[in-house]
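Student: The structure is given below, and queries will be raised subsequently.
The values are calculated or read from the model by the stated rules, or taken from the named source; none is laboratory data. Remember, predicted model here, so these are calculated numbers, not experimental data. Cβ sites come from the backbone with ideal geometry, for glycine too, and all protein chains shown count toward neighbours. Accessible surface areas use protein heavy atoms only, side chains included; no ligands, DNA or RNA. Shrake-Rupley method; radii C 1.70, N 1.55, O 1.52, S 1.80 Å.
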Amino acid sequence: MSLPRPLHALTAAVLVVAAALGPAAAAGAAGAVGDAPTPTLPSADQLKPALLTVDDVGPGYTEVPSTESPSPSPSANPTPVSGCDALSALINTHATAPGPGTPHAETELDGQDGNPMVIESLTAEDPAKLTTDFNTATDAFKTCHTITFNAGTEDSVTFTVTPVTLGDRPDAPAVRLDGTVAGVQLNAYLGVERFGTVAMAYGFFQRQASDSQTASMQYRTAVAKVEHTLGTTAGSTTPPTAVATQGMSV
């Protein structure tokens, strides 16, 4: 049994909103910071090595080529979510992947038959704008209790939303989603973290199970890898040091 397609669409939509980043956010950044100097942001090529790989999450997983990764289509489904005003507004606004002007990298790692599924994305942004976006995502996670996804299918999926702590930092926003589609139990753990000028969005999705231990373990692995690769710490507002070092190399 393959992973239900609604879960793939849910995955893409939630990870986009979790970081609250993308073309719309980037477009407003210049006005927000005025004439303040813009820090050097890591490129997509510098972000990619910080992502989880099959070697990081253990045996039984395969990496899904980026060309096969799901991407929500606003034209096909202009209002993918409803039921929680704060979170719905974010998802409906940022229902496309970041454009070429926004440094971004992401990965999808699937277990056998797509269960479980781990998705991680990293996006770089001006620190002042990132602070605003991060706070917006945090508030949305805290105020949302249920949310319904109309994931481009005939079936809508309503999830209960419960705040949780995935890693070592209690202030890092994270939620658990529980729902059912076509009689199949769906469960997800979503987390957002910032590393200076980089936002990480993490998702762990599974069917007919609710394994919080593995979700937390892989989230912690993701955080540790970003910290090590970019030379920064979770929750920091200081730009990654490894990026500056890489930029100076010949």
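Student: Is it the case that some residue within the stretch 176-191 is under 26 Å from ALA128 (Cα atoms) and modelled with pLDDT of 85 or more?
Tutor: Yes.
Student: In the stretch 106-124, what residues are in contact with an Asp or Glu (Cβ under 8 Å, 6 or more places away or on another chain) and either open to solvent by less than 10 Å² (accessible area, probe 1.4 Å) or in a helix (DSSP H, G or I) (or both)?
Tutor: Residues satisfying the conditions are GLU108, LEU109, MET117, VAL118, GLU120, SER121, LEU122.
Student: Let me ask something else about it. Among the residues of the stretch 215-225, are any farther than 22 Å from ASP45 by Cα and of a type in the set (A, V, I, L, M)?
Tutor: Among the residues of the stretch 215-225, at least one is farther than 22 Å from ASP45 by Cα and of a type in the set (A, V, I, L, M), which makes the answer yes.
Student: Mind checking which residues of the stretch 211-223 are more than 16 Å from the chain's Cα centre (by Cα) and not in a loop (DSSP other than H, G, I, E, B)?
Tutor: SER212, GLN213, THR214, MET217
Student: Which one of these does ARG194 not meet: (1) out of contact with any Lys or Arg (no Cβ under 9 Å at 6 or more places or on another chain); (2) closer than 19 Å to GLU106 by Cβ; (3) open to solvent by less than 10 Å² (accessible area, probe 1.4 Å)?
Tutor: It fails just one condition, (3).
Student: Scan the stretch 150-175 for residues that are farther than 26 Å from HIS104 by Cα, modelled with pLDDT under 80 and surrounded by 22 or more Cβ atoms within 10 Å (Cβ to Cβ) and report the count.
Tutor: Residues flagged as farther than 26 Å from HIS104 by Cα, modelled with pLDDT under 80 and surrounded by 22 or more Cβ atoms within 10 Å (Cβ to Cβ) within the stretch 150-175 amount to 1.
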